[in-house]
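The values are calculated or read from the model by the stated rules, or taken from the named source; none is laboratory data. This one's a predicted model, so the numbers in the text were calculated from it and none came from an experiment. Note that each Cβ is placed from the backbone with ideal geometry, even for glycine, and that neighbours are counted across all protein chains shown. Accessible surface is based on the protein model in full, side chains and every heavy atom, while ligands, DNA and RNA are left aside. Shrake-Rupley method; radii C 1.70, N 1.55, O 1.52, S 1.80 Å.
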Amino acid sequence: MKLSKVFFNGVVKENPIFVQLIGMCSVLAVTTAAKNGLAMGLAVTGVLIGSNVVVSLIRKVVPNKIRIPAFIVVIATFVTIVEMFMKAYAQDLYNALGIFIPLIVVNCIILARAESFASKHGLLASAVDGLGMGVGYTLALLILSILREFLGSGSIFDIQILGPSFEPAIIFLMPPGAFILLGILIGIFNSIRNKQASKEVLQKEEAR
Amino acid sequence: MNLFTILISTIFVNNYVLGRFLGVCPFLGVSNKTETATGMGIAVTFVVTLSSIITYIIHHTILIGRLEYLQTIVFILVIAALVQFVEMVLKKISPTLYNALGVYLPLITTNCVVLGVAILNIQAEYNLIETIVNAFGASVGFSLALILIAAIREKFEIQEIPKALEGFPIALITAGLMSIAFLGFNGLV
Amino acid sequence: MNETIKLALILFIITAVAASVLAISNSVTSERIAEADRLASERAKMEVLDIAEEFKQLDENRLKEIVGDNTNITEINEGYKGSDLVGYTFNIEVNGYGGPLTFMTGISKDGKITGIKVLVHEETPGLGANSTRPFFTDSFKGKPVDSEITAVREPKADNEVQALTSATVTTNAIVDGVNLIRQIYSEKLSNLEGMEVER
């Protein structure tokens, strides 16, 4: 399998948020500011790569029956390491993301990749898969958080874009705005994919 | 804090799903029918309350002081083991209950409400009674949101919905509107 | 060998390896975390009482004696410049809109509020969470401690501070907290010049 294909599979074709629709909790919770969205994305990417690599390494040693608890231990270890280093070197970010850092453990994306990809593939492919999925996840977080910060506080990455005459739509910073905005984004993504799919069908028919 | 305040606050004001975004995956995943939503809700309530008690005891007897950095890994293992155990016990004791709830149990391990409540109990420095009340309230709040949205989504089957919004997108938008309704409880406590 | 025992053994080994990895990374980071915590609290104190160079936390008995029934004041620090006592910082927990809110207030020896800083909060982003922003916190700076502070839309008088738009609960919680601290300072701490010098 080509590595570039594995990578883009995670970023676009099987984007964890827009296509697979998993790992929603943190996506909705931490995206009130672009900075937080990016930090969460990077933390998840780090855990994904780490756990994919280790799971791929131990996949032949671990008996099938206990693979899930074994994977969970591996994931929890990486999450705790990320948590410790964030606490030590980026305390403000750690405080902003709060409980959603330890909750990366139960983020379905990570266990899903360990189970469906890393436990069946080699080291390099698993690492690339982790990176691709992580980038796809980060991208989705960035899009949502930039939109929410822009609409809700008129700034992007804490840089004020709109002047004081702009009345911020605070609803976008609150839970309802997060749900509705993500719903609309997935809707847009779906309609683009539908159009592309029907185009491909059309092209195939013409080719005949 | 007053026990009643904790209960009202976790069920309505800071509803775990609609206000804190914990447990959104099962909230969207198993909310197609009210029947399954109710089953999931009961299973979650049971596991969350039980796991909160166990993690509380473990934290205060073993982890506190030197080993707090093992919290995440120990809690998730306890929850995973507990879910397995509950599944086994149910199978032996009450096959009817197992048939009704069994399919939801494996899904609960990765439900972030369970781990989230366990960690938040420790963070808020609740005592054992407050922990139980908080866990119970959180899971009742989760079940309430789950059953409500399932009841709404059942109606979608006979409605015409734009094709791109079918399924998850419309469910998310519905959740947003429900969340606005729940904002009305703000300031209650 | 019994199958179950074998499985348990393998799982045990994995968990043991994981725990030792965590123990190592904990020993690497724990000092740094403690240091970061200390720096953060030091920085907060510097921010609310910028005339002081060094801080000394009052012990529990002294704290109890000063705050009495107002146990929501959780910490008091004395600020020193050289050997002179120049002011105090107070940590207080109040009930905000989204839950408990902890903030710090500095009061200088000449009876002025020198600053406030919100430390922990669960307020709504864009509304109550604006209490962490300078336009709100800076409006407390330089207010005299002998008059009751009120929050208004456009502060003019000497005892008026900036109110947060659409976040009355947060504003009132913080203003009431500052007023309580003001009162306690005036009653218990403002006349202790003689006693403090002895230390």
Considering only strands (runs of 3 or more DSSP E) wholly within the stretch C:89-199, the ones with at least 1 residues that are among the acidic types (Asp, Glu), open to solvent by 30 Å² or more (accessible area, probe 1.4 Å) and more than 14 Å from chain A (Cβ to nearest Cβ) are C:160-162
Selection within the stretch C:22-52 - open to solvent by 50 Å² or more (accessible area, probe 1.4 Å), under 30 Å from C:GLY115 (Cβ atoms), at the interface with another protein chain (Cβ under 10 Å from one of its Cβ atoms) and hydrophobic (A, V, I, L, M, F, W, C): C:ALA34, C:LEU39
Failed item in (1) open to solvent by less than 10 Å² (accessible area, probe 1.4 Å); (2) part of a helix (DSSP H, G or I), with A:ASP92 passing the rest: (1)
With the requirement that a residue be in contact (Cβ under 8 Å) with a residue 40 or more places away in the chain, under 18 Å from C:SER20 (Cβ atoms) and open to solvent by less than 70 Å² (accessible area, probe 1.4 Å), what does the stretch A:53-74 give you? A:VAL74
Kindly establish whether B:ILE119 is aliphatic (A, V, I, L, M) and open to solvent by less than 20 Å² (accessible area, probe 1.4 Å). yes
Selection from the stretch A:41-52 of residues that are surrounded by 24 or more Cβ atoms within 10 Å (Cβ to Cβ), of a type outside the set (Ser, Thr, Tyr) and more than 12 Å from chain B (Cβ to nearest Cβ): A:GLY41, A:ALA43, A:VAL44, A:LEU48, A:ASN52
So how many residues does the stretch B:134-189 have that are of a type in the set (Gly, Ala, Ser), more than 8 Å from chain A (Cβ to nearest Cβ) and not in a loop (DSSP other than H, G, I, E, B)? 10
Does A:LYS35 satisfy being without any contact (Cβ under 8 Å) to a residue 24 or more places away in the chain and surrounded by fewer than 20 Cβ atoms within 10 Å (Cβ to Cβ)? no
Residues being over 19 Å from the mean Cα position of the chain (by Cα) and β-branched (Val, Ile, Thr): count how many of those fall in the stretch A:160-203. 5
Collect the residues in the stretch A:156-170 that are more than 19 Å from C:THR124 (Cα to Cα) and modelled with pLDDT of 80 or more, keeping them in residue-number order. A:ILE159, A:GLN160, A:ILE161
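Can you pull out the helices (runs of 4 or more DSSP H) entirely within the stretch B:5-112 that have at least 3 residues that are touching a helix residue (DSSP H, G or I) at 6+ places or on another chain (Cβ under 8 Å) and within 14 Å of chain A (Cβ to nearest Cβ)?
Ranges flagged: B:24-29, B:34-58, B:71-93, B:105-108.
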Quick test of your reading of the structure: A:VAL128 fulfils all but one of (1) hydrophobic (A, V, I, L, M, F, W, C); (2) within 14 Å of chain B (Cβ to nearest Cβ); (3) crowded, with 22+ Cβ neighbours inside 10 Å. Name the failing condition by number. (2)
Which one of the conditions (1) in a strand (DSSP E or B); (2) open to solvent by 20 Å² or more (accessible area, probe 1.4 Å); (3) touching a Ser or Thr at 6+ places or on another chain (Cβ under 9 Å) does C:GLY79 fail to meet, given that it meets all the rest? (2)
List every residue pair whose Cβ atoms sit under 8 Å apart, with the two residues 6 or more apart in sequence or on different chains, where the first one lies in the stretch C:6-21 and is facing chain A (nearest Cβ under 9 Å) and the second, anywhere, is open to solvent by 60 Å² or more (accessible area, probe 1.4 Å). C:LEU7/A:LYS65; C:ILE10/A:VAL61
